[in-house]
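**Q** Quick one: the structure is below, questions incoming.
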Amino acid sequence: MSLLAPMSRALRMGRCAVQVARMSTSLPRAAFKEFTMPAMSPTMEHGNLGQWKVSEGDTFSAGDIILEVETDKAMMDVEAQDDGVMARIVVPSGTKDVPVNDLIAWLAEEGDDLSQVPDAKGASQPPRDTSKPAADEAPKQASTPASSEPPKEVPHGTDTVHVTKPTFPSVLRLAHERGISEPEKVIQGTGRHGMITKGDVLAYLGDIKSAYGTAQVHHTTMSELSGAKPDGAHAKASQPAYTPLSASEHRRLVVAGLASLGAAPRTPASPATYADVLDGYGSPQAPAPPRPSTAASALAAFYEKL
């Protein structure tokens, strides 16, 4: 009996240890939350981290200031949305030009195991085994097969195209592809103000005969603009030859013009009277009718005839 009691006590202790080990290994993994770079304005794309107000392992409550972000206008505070713990700070204080929505820290809840916090890439950090040397990782990296992607084809042509005058982008691209580094020195431009066109480059390379292509130069006359198409004889007869005037003929025409102006003097108009002004407003009156003759006037006219 004295030997069985210690053995049963040892068995019970072993069973308890196994149960504790099972419980410790079956704990759920902590759910860490990403804390990304906030956008302090609708147009913000990058920002500078000012100062972290909490350290790794510190707890905070909703509304607490945990970070300062510097924009192009001012330094702004970032408040916590929920209660939590600062598990890991990925981007340290004072970092410049941090893109918006980039991971800057990991947040956890109270009671989480902070030893399982992910790294900057999001993978959890297993416990480090210092018994294995780091030299064992070198053969693994060397045994990685090379990438099967084919090498990218580098476009032929010169690195840069030097020009001093305004040039179309299509002309620069064509000169770059055909290996012409200084087109202004070897190509005569036929474009506006001497600009080099794609036709000039193709003509220089011998791909086409003329920089104008199939277009032909045509001089338009005034008769063609008006729509008339005269034949040869009629056109020559309708267009007399122009003979320029001599100096003496010019002087003769000038003197004749001056004499015609002096030969016909102007007659001054008579001044208007008040009656003339009123006549323009009044209507014309009919003549007065003849008066009827009386007996006395008829007798007087009879004696005058005797």
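**Q** So, in the stretch 59-88, how many residues would count as being assigned to a loop (DSSP other than H, G, I, E, B), loosely packed, with under 13 Cβ neighbours inside 10 Å and of a type outside the set (Gly, Ala, Ser)?
**A** 4
**Q** Which residue, of Ile180, Ile196, Ile208, is at pLDDT 75 or above, in contact with a Leu (Cβ under 6 Å, 6 or more places away or on another chain) and in a loop (DSSP other than H, G, I, E, B)?
**A** From the options Ile180, Ile196, Ile208, the qualifying one is Ile208.
The values are calculated or read from the model by the stated rules, or taken from the named source; none is laboratory data. On a predicted model such as this, the values are computed, not experimentally measured, just so you know. A quick note on method: Cβ atoms are made from the backbone with ideal geometry, for glycine too, and the neighbour counts reach across all protein chains shown.
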